[in-house]
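Have a look at the structure below before the remarks.
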Amino acid sequence: MISDSYNSRESWQIEHQCPQCGAPVLLDETDHLLACSYCRTKLYLLSQGPFRYRLPPPLETAKEILYVPYRRYRGLSYQVRGRNIDYRVADLNLLTAPVKGLPFSLGLRPQVLKLKFVSPETEGRFAKVDSALRDLVETALQFGPSGSLQFMIGDVESLIYAPFYREDGRLFDAILKRPVIPWDEGSLEDLLEQDRPLDWQVRFVSTLCPHCGWDLQGEKDALVLLCRNCQTAWICKNSSLEKIDFSVMTGGEGPLVHLPFWRMRADIEGVRLQSYADLIRLANLPKIATPSHEAVPLYFWSPAFKLNPALFMRWTRQMTAYQPGGQAKETFEGASVHPVTMPLADAVGSIPLAIANLMMDKRKMMKLLPDLRMTLTDALLVYQPFLVRRNELIHEKMGLVIHRKALAFGAEL
Ligand SMILES: [Zn+2]
Ligand SMILES: [Zn+2]
């Protein structure tokens, strides 16, 4: 489903047991933390590659289950064509196994059914994921005219396995208990995974500060966990917590909330974008590039939290054009901070979008962007101060205003 309305979004939930006490826990697909309300355990969720879920077949099915993978993608999708940039929230669940005749999409099941994690103990057999079918997702996300450029900024990417079973030479949908296609046994072995790798399972990492042992702080969808005791920030990487650098900008009189942003530098092939002077030329800013501008490094800015596609695009452009600086500290003592919900890897996807937005020579831009190659050379998590008003948050210096509701909407994306 591709739409620009937030109400039509579908969200999946996952049933699991607390690894500590076995109590049932219900997770949202955007959750990074499992918090057990019974034993108070808090754990960081981790998987090798995308999370693999399955739709559990009804209990009374005694047949061998064949699980067929659907690739799930949710995120922001932008199409650039000359001066026009169009955008959507994309929400897709597409068949990614080469089995002709099966439903192309999972359709409207999320409201009713809960997912479970695939584990090495899951009974049944699994169809292979056909990576050639990835293009289908890209094609499905195309909504602009042909010849337009496309950027995607992901939110959820996972695999959902739907259950089927064989009966009387036909394949049945195990949930609807309806035959879907005739089934030729001969081709079966080629389609199925021979072994299920052990890494097909969710793993859990303790959320105690590796530095001082304090309980790390973070909302359930937070990617970065904070230690309020030793003033450090942590991210989960390769199954352990890794410390990351951050900076908290000061400023503003009155109650503040700090919103997180990724500040990035990149080497971009085919265009020089290293200094503020380069930006002045690229965007035709109403300034003359001086030698001192040549020495000021250029940073790309992206929100490190989810925002609706229009605001996300506007802020990447505005902040990159503004190049916010100022006084910073390396402690969030006393600061109220908004959780980081967008990983750096996704934020990097906003760099071509910012270039598309800022570059004045649109013909050159349409030539440059399709084969754009860039290497991230530096990144920092920067918390920017926003004044809290009754309905809005305001960044005084940059003149950025966000309705508090829009921030809540973003959190649901
Ligand atoms: Zn528990
Ligand atoms: Zn600590």
Among the residues of segment 329-345, the number that are aliphatic (A, V, I, L, M), part of a loop (DSSP other than H, G, I, E, B) and at pLDDT 90 or above is 2
Any chance MET360 is at pLDDT below 90 and aliphatic (A, V, I, L, M) = yes
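How many residues, within segment 23-45, are within 7 Å of ligand 1 (Cβ to nearest atom) and either under 22 Å from the mean Cα position of the chain (by Cα) or not hydrophobic (A, V, I, L, M, F, W, C) (or both)? Full working, then the answer.
As a first pass, look at segment 23-45 and keep what is within 7 Å of ligand 1 (Cβ to nearest atom): 23, 36, 38-39, 41.
With the extra rule that they be either under 22 Å from the mean Cα position of the chain (by Cα) or not hydrophobic (A, V, I, L, M, F, W, C) (or both), the set shrinks to 38, 41.
Adding up the residues that qualify gives 2.
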Query raised in the report: Condition test on ALA277, is it small (Gly, Ala, Ser) and under 30 Å from GLY254 (Cα atoms)?
Result: no
Within segment 46-84, the residues that are aliphatic (A, V, I, L, M), under 24 Å from the mean Cα position of the chain (by Cα) and buried (at least 20 other Cβ atoms within 10 Å of the Cβ) are LEU55, VAL68, LEU76, VAL80
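Could you grab me the full set of residues in segment 203-222 that are small (Gly, Ala, Ser) and assigned to a loop (DSSP other than H, G, I, E, B)? Walk me through how you get there before you give the answer.
Start the filter on segment 203-222 by keeping residues that are small (Gly, Ala, Ser), which leaves 206, 213, 218, 222.
The answer is GLY213, GLY218, ALA222.
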Checking ARG196, ARG263 in turn, the sole residue that is of a type outside the set (S, T, N, Q) and assigned to a strand (DSSP E or B) turns out to be ARG263
For HIS211, the lone unmet condition from (1) within 16 Å of ligand 1 (Cβ to nearest atom); (2) more than 20 Å from the chain's Cα centre (by Cα) is (1)
Here, helices (runs of 4 or more DSSP H) confined to segment 346-413 with at least 1 residues that are small (Gly, Ala, Ser) and surrounded by fewer than 14 Cβ atoms within 10 Å (Cβ to Cβ) are 404-412
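Residues LYS306, LYS287: which one is at pLDDT below 95, in contact with a helix residue (DSSP H, G or I) (Cβ under 8 Å, 6 or more places away or on another chain) and either closer than 17 Å to MET398 by Cα or surrounded by 19 or more Cβ atoms within 10 Å (Cβ to Cβ) (or both)? Reasoning before the result, please.
Details: LYS287 fails: either closer than 17 Å to MET398 by Cα or surrounded by 19 or more Cβ atoms within 10 Å (Cβ to Cβ) (or both).
After ruling out the rest, the residue left standing is LYS306.
The values are calculated or read from the model by the stated rules, or taken from the named source; none is laboratory data. Everything numeric here is computed off the predicted structure, so don't read it as measured data. FYI the Cβ positions are ideal-geometry reconstructions off the backbone, even for glycines, and counts take in every protein chain you see.
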